């Protein structure tokens, strides 16, 4: 099982599209943990800074940053998750 | 002409370019679309589109563009992920160079879109997402207690200086040679804010760091130690290569076209945001169709 985190913010114009892809990926990988981290909260910022996240949207898998910024597509996200599981 | 000559090459795979491809390929023109970044263009950034006809409940940008791409593929246009690096007009033949080689066609449709202007200094691309940001309101919270620069002389940049200064320890405001307009109400507040320092007349020449941004070098050869650089510059056309090839533009880089979408070069058309009209998906598709229809007529005249 891998932990996939999406760092996003309510004020980021590209984050809703990233969230849509993220949620679809979560359905494809029911055995894995998909967590959305709101970077407009203190806890979210702390978590992001602990991984050295500096931009949203960012996807991290098992604590390792895989995708930074937008756009990325379903294939990019699938590759990031699959590589971590292999 | 060479066997691999296309009837039409379309530079850019956003709504305008893909629509032009649908029209051209459906009329059996040998059509090539060149897109160096993501096929779908800036429309991919749109979370939810509510004003594109035919989708009364709205549709996401990626979903809409997926449909465009499916339609392009259905009619047999060729789509290549290649970045255009040059363009030459040889009369009846146009040549488009990419990092992978070159392609030739009887007509070319430019649909290169617009992009947020980059600083275009060493280190900018290297540190994207690792200290270089283009959205202060999005990424500003990651720079709490840190030192950053906000580059740009427009109103959006001035506004973002104040946004970032709410949490950052120190903000260097770098408006560029022209400085901020005196009309901006933010400027006086910036001058009174001890966290903000305006570096009038200075420009960044390099962004430096190792894994993350660590500083910048300025045009007077001084250096600033920084954790982040927010690049907030105005939007411009992404058509520098085309300008060099003689495609006429206005002062802002917008490609000039006539009523048929043709540029000042015969057989070369432009459509969509790169001609700075409408900036909407619906207008881009209309212009893409118009350019393709005009190109079809033109191609018939080329031997």
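Values in this text are rule-based calculations from the coordinates and carry no lab data. In this text, all values refer to a predicted model and were calculated from it rather than measured experimentally. We place every Cβ from the backbone using ideal geometry, glycine too, and count neighbours over all the protein chains shown.
Relative to the longest principal axis of the Cα atoms of chain A, the long axis of helix A:74-85 makes an angle of roughly 70 degrees. In chain B, Cα pairs under 8 Å separated by at least six residues give a relative contact order of 21 percent. Counting only DSSP beta bridges whose two residues both lie in the protein assembly as shown, roughly 50 percent are antiparallel. Put the Cα centre of the range B:29-84 next to the Cα centre of the range B:249-297 and the gap is 17 Å.
The residue B:182 and residue B:81 beta-carbon pair, evaluated with R₀ = 51 Å, returns a calculated FRET efficiency of approximately 0.65. Can you work out the PRE-style zone for residue A:62? Point 7 Å along Cα to Cβ, and I want the residues of the range A:1-42 with backbone N under 12 Å. Label zone hits: A:1-4.
Between B:121, B:171, B:268, find the one with the highest GNM mean-square fluctuation for chain B; connect C-alpha pairs within less than 10 Å. Taking springs between Cα atoms under 10 Å, the residue moving most is B:121. Mean-square fluctuations from a GNM of chain B, with a 10 angstrom spring cutoff on Cα atoms, peak among B:138, B:276, B:254 at B:138. Comparing mean-square fluctuations of B:54, B:76, B:152 from a GNM of chain B with C-alpha springs under 10 Å, the top value falls on B:54. The range A:1-73 and the range B:189-237 have Cα centres lying 28 Å from one another. When B:87, B:230, B:75, A:22 are arranged by Cβ crowding within 10 Å, least crowded first, meaning fewest neighbours, the order is B:75, A:22, B:87, B:230.
For the peptide B:139-152, the mean number of other protein chain Cβ atoms found within 10 angstrom of a residue's Cβ is 3. Taken over the range B:39-79, the alpha-carbon convex hull comes to 63 cubic angstrom per residue.
Output the 0 to 90 degree angle, nearest 10, between the alpha-carbon long axis of helix B:281-301 and the longest principal axis computed from the alpha carbons of chain B. That works out to roughly 40 degrees. On the basis of the beta-carbon distance and an R0 of 30 Å, residue B:300 and residue B:73 show a calculated FRET efficiency of 0.75. Computed as a quarter of the hull surface, the mean projected area of the alpha carbon convex hull for the range B:87-203 stands at 10.2 nm². Expressed to the nearest 5 percent, the antiparallel share of DSSP beta bridges inside chain A is 55 percent. Among beta bridges from DSSP that stay inside chain B, the antiparallel ones total about 45%.
Take the Cα radius of gyration of the range B:153-271 and divide it by 2.2 N^0.38 Å, N being the number of residues; the result is 1.40. Sorting B:99, A:47 from the fewest to the most surrounding beta carbons within 10 angstrom yields B:99, A:47. In percent, rounded to a whole number, the relative contact order of the range A:24-86 is 22, using alpha-carbon pairs under 8 Å and six or more apart. Residues within the reach of a label modelled at residue B:166 (point 7 angstrom out along Cα to beta-carbon, backbone nitrogen below 13 Å), restricted to the range A:1-18, are A:10-12. Translational diffusion of the range B:56-123, estimated by Stokes-Einstein from the Kirkwood radius over alpha carbon pairs at 4 °C in a medium of 1.567 mPa s, is 85 µm² per second.
As an equivalent ellipsoid, the protein assembly as shown spans semi-axes of 38, 27, 18 angstrom, where each value is the square root of five times an eigenvalue of the C-alpha gyration tensor, largest first.
In percent, rounded to a whole number, the relative contact order of the range B:68-138 is 15, using alpha-carbon pairs under 8 Å and six or more apart.
For the peptide A:14-20, the mean number of other protein chain Cβ atoms found within 10 angstrom of a residue's Cβ is 4. Put simply, chain A fits an ellipsoid with semi-axes of 19, 14, 11 Å; these come from the alpha carbon gyration tensor as the roots of five times its eigenvalues, largest first. From least to most packed, judged by other beta carbons within 10 angstrom and beginning with the fewest, B:180, B:102 follow the order B:102, B:180. Simple spin-label estimate for residue B:102 and residue A:1 gives 5.8 nm between the two label positions (7 Å along the Cα-to-Cβ direction from each Cα). To the nearest ten degrees, helix B:15-26 and the longest principal axis of the Cα atoms of chain B are 10 degrees apart.
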